[in-house]
Amino acid sequence: MRELIKKLTEISSPSGNEDDIRNFIKKEIKNYCDSIETDVMGNLIARINGKKGGKTILFDAHMDEIGVMVNHIDENGFLRFTAIGGFFPFHALVHRIRFQNGVIGVIGEEKRDSSAKVSPLDKLYIDIGAKSKKEAEKMIEVGDMGTYAAETIVTDNRIIAKSLDDRIGCYIMIEAMKKIKKPKNTIY
């Protein structure tokens, strides 16, 4: 259990760019289902055939996670970004972001007038350690996506992880597929 949850939650796959998590799940379930396909929207559809005349049952979970997409690189090498999914600026400050090419940065903010105010998204940036736009462009391109960079911690009675709300459903379905043998009903 621990290892699978850790792997699922540490894969970076923001909404609209779920290739990495989809490929991981495919490898995990390929020996436990009769067919696997990916539709035009990127949905992973696995099928376990049931007996003739049985019902069709659907289990559903989402595999994406919130993230960011770079929309501008400023002259100082800071990345300006837009939110992907339920990204809240007041949760984001000083968090690390891992881009899909492995570059890691930290979210900072422009100077604000009051410590009581939450900075809007357009006042935040990601610092990847670049000293100029030219240096940053060697590491990141406009359009690159990233997600929170965080280690998953699994203890005897707790799981602390990014994207757990998304990936726990995937975990449950993977484990269920491993246990289902010759079902009466067709299961997706």
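Tell me, please, whether a residue that is aliphatic (A, V, I, L, M) and free of Cβ contacts under 8 Å to residues at least 40 places away in the same chain can be found in region 162-183. No, the conditions are met nowhere in region 162-183. Taken together, Ala136, Ala176, Ala130, Ala150 contain a single residue that is farther than 19 Å from Glu18 by Cβ and assigned to a loop (DSSP other than H, G, I, E, B), which is Ala130. The residues of region 1-29 that are in contact with a Ser or Thr (Cβ under 6 Å, 6 or more places away or on another chain), surrounded by 20 or more Cβ atoms within 10 Å (Cβ to Cβ) and not small (Gly, Ala, Ser), listed by number, are Thr9, Pro14, Ile21. Scanning region 161-174 for residues that are at pLDDT 95 or above and surrounded by fewer than 14 Cβ atoms within 10 Å (Cβ to Cβ) yields a single hit, Ile172. Restricted to region 1-100, the set of helices (runs of 4 or more DSSP H) holding at least 3 residues that are closer than 16 Å to Leu164 by Cβ comprises 2-10, 19-29. Here Val106 passes the criteria (1) in contact (Cβ under 8 Å) with a residue 40 or more places away in the chain; (2) outside any loop (DSSP other than H, G, I, E, B) except the one numbered (1). Select, from Ile97, Ile107, the only residue that is under 24 Å from Thr9 (Cβ atoms), in contact with a His (Cβ under 9 Å, 6 or more places away or on another chain) and surrounded by 12 or more Cβ atoms within 10 Å (Cβ to Cβ). Going through Ile97, Ile107 in turn, the sole match is Ile107.
Does region 2-15 hold any residues that are over 16 Å from Lys26 (Cα atoms) and without any contact (Cβ under 8 Å) to a residue 40 or more places away in the chain, and which are they? Selection gives Glu3 alone. When Gly143, Gly129 are checked against the criterion of being within 19 Å of the chain's Cα centre (by Cα) and either at pLDDT 95 or above or exposed (fewer than 13 other Cβ atoms within 10 Å of the Cβ) (or both), a single residue qualifies: Gly143. Screening region 45-59 for residues that are on the phi < 0 side of the Ramachandran plot and surrounded by fewer than 13 Cβ atoms within 10 Å (Cβ to Cβ) and picking the one that is nearest to the chain's Cα centre (by Cα) gives Ile45.
The values are calculated or read from the model by the stated rules, or taken from the named source; none is laboratory data. Keep in mind it's a predicted model, so treat the numbers as computed, not measured. Glycine gets a Cβ as well: all are built from the backbone with ideal geometry, and neighbour counts include every protein chain shown.
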